[in-house]
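For reference, the structure is listed below as structure tokens.
The values are calculated or read from the model by the stated rules, or taken from the named source; none is laboratory data. Computed from a predicted model, the values in this text were never measured in an experiment. FYI the Cβ positions are ideal-geometry reconstructions off the backbone, even for glycines, and counts take in every protein chain you see.
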Amino acid sequence: MEAFVDRAVGEISGIQGRVLCGVSGGIDSTVAALLIHRAIGDRLHGVFIDNGLLRQDEGDEIEAIFRDNFHVNFTAVSAAERFLEGLRGVADPEAKRKAVGEEFVRVFSEFAERNGPFSWLAQGTLYPDVIESAVIKSHHNVGGLPDWLDLKVLEPLRDLYKDEVREIARILGVPDRIVRRHPFPGPGLAVRIIGEVTPAKLRVARTASRIVEDVLLEAGVYDDVWQAYAAVGDDRAVGVVGDERRYGSIVMVRVVNSVDAMTADWTRLSHETLERISNRITNEIEDVTWVTYTISSKPPATIEPQ
Ligand code: XMP
């Protein structure tokens, strides 16, 4: 991987013009941006788009890392309202992916127009993204850009797997908490919410996912699993709180082991850990009455439900 870094930096330093890099807070785009920064310094500009579909507290950390640790030109754009507006009334999984992907392109192009000229748009696309996008789900960052955007695509990690990217991150000095962080899909919580994305479902998915991650960290198993989160749909089930009936949401907890995301196995968590997750979710999120655990592997299921 050290040889890869030297080669990539050498190749990227030959490109002309300025590069706009979409950074998501995840490891892939962080590593892509830092590799490019090493090659061309201030000709790189990192842009983080808050699309309202992120994990809890995501964004603040990445801003600190880019600005303070690595001194990369960096802008955070607040765009939650327009992403949620674009998703209103959209329930089909692929239509949701398309809505998010198109909004990303619009926000990037507006930024490029105002702060340009830029010649390239860089992304942290990995090899499994390219494969998956071709056959299973259209990943938000694969498939090229519309002609009118007039930017060439730079994807320095396109031939790599996640474990290789983690190794490069360590070589580049990325803080351990980013290197350890589980993968998160580009369309974010939109693909962890079944059916239409609403503020209420977003709240449930975000809070419940944070609880799942917290419990796994406490139990010391966070680093042993590939991804861990909670999804929510429109199904409801009757519960009882005190003496009262409550018709609340059903949350689906999903924890999987995987090597490259192409296949995955559901994680045999201990009953104690499952119980802790369930108790915390129903105690801390008023709307949730039932918690289920998904025991489908990939294939035939996929890791994200949408
Ligand atoms: P699935 O759900 O297809 O996901 O089993 C495989 C891996 O890819 C992640 N994923 C995405 N990553 N853009 C991404 O960058 C996307 O649109 C996207 N959709 C899914 C997913 O979290 C899992 O790690």
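Structure notes:
- Applying a threshold of 9 Å to beta carbon distances and a minimum spacing of six or more residues, or different chains, the list of pairs starting in the stretch 116-128 at a residue that is part of a loop (DSSP other than H, G, I, E, B) and ending at one that is more than 9 Å from the ligand (Cβ to nearest atom) and among the aromatic types (Phe, Trp, Tyr) reads Phe118/Phe111; Leu126/Tyr161.
- Every pair of residues 6+ apart whose Cβ atoms lie under 9 Å, when the first sits in the stretch 5-18 and is closer than 15 Å to Trp120 by Cβ while the second is acidic (Asp, Glu): Arg18/Asp42
- Single unsatisfied condition, Leu154 versus (1) touching a Gly at 6+ places or on another chain (Cβ under 8 Å); (2) surrounded by 18 or more Cβ atoms within 10 Å (Cβ to Cβ): (1)
- Residue match in the stretch 157-170 (condition: assigned to a helix (DSSP H, G or I), surrounded by 15 or more Cβ atoms within 10 Å (Cβ to Cβ), out of contact with any Leu (no Cβ under 6 Å at 6 or more places or on another chain) and free of Cβ contacts under 8 Å to residues at least 12 places away in the same chain): no
- Residue match in the stretch 253-264 (condition: in contact with a Gly (Cβ under 9 Å, 6 or more places away or on another chain) and free of Cβ contacts under 8 Å to residues at least 40 places away in the same chain): no
- Taken over the stretch 148-161, the criterion of being within 12 Å of the ligand (Cβ to nearest atom) and not charged (D, E, K, R) is satisfied by Leu157, Tyr161.
- Filtering the stretch 262-306 to residues that are among the hydrophobic types (A, V, I, L, M, F, W, C), touching a Phe, Trp or Tyr at 6+ places or on another chain (Cβ under 7 Å) and within 16 Å of the ligand (Cβ to nearest atom) leaves Ala264, Ile295.
- Any hit, the stretch 214-231, residues being within 16 Å of the ligand (Cβ to nearest atom), part of a loop (DSSP other than H, G, I, E, B) and within 18 Å of Lys298 (Cα to Cα): yes
- The condition of being within 16 Å of the ligand (Cβ to nearest atom) and farther than 20 Å from Gln306 by Cα holds for only one of Glu164, Glu102, Glu110, that being Glu164.
- Flag for Val31 being β-branched (Val, Ile, Thr) and over 22 Å from Gln16 (Cα atoms): no
- For Val251: the one exception among (1) within 16 Å of the ligand (Cβ to nearest atom); (2) assigned to a strand (DSSP E or B): (1)
- All conditions in (1) β-branched (Val, Ile, Thr); (2) over 19 Å from Glu304 (Cβ atoms); (3) modelled with pLDDT under 95 hold for Val77, with the sole exception of (3).
- Residue list for the stretch 179-191, filter: more than 9 Å from the ligand (Cβ to nearest atom) and either at pLDDT below 95 or assigned to a loop (DSSP other than H, G, I, E, B) (or both): Val179, Arg180, Arg181
- Some residue of the stretch 194-208 being touching a residue at least 12 places away in the same chain (Cβ under 8 Å), in contact with a Pro (Cβ under 8 Å, 6 or more places away or on another chain) and not in a strand (DSSP E or B): yes
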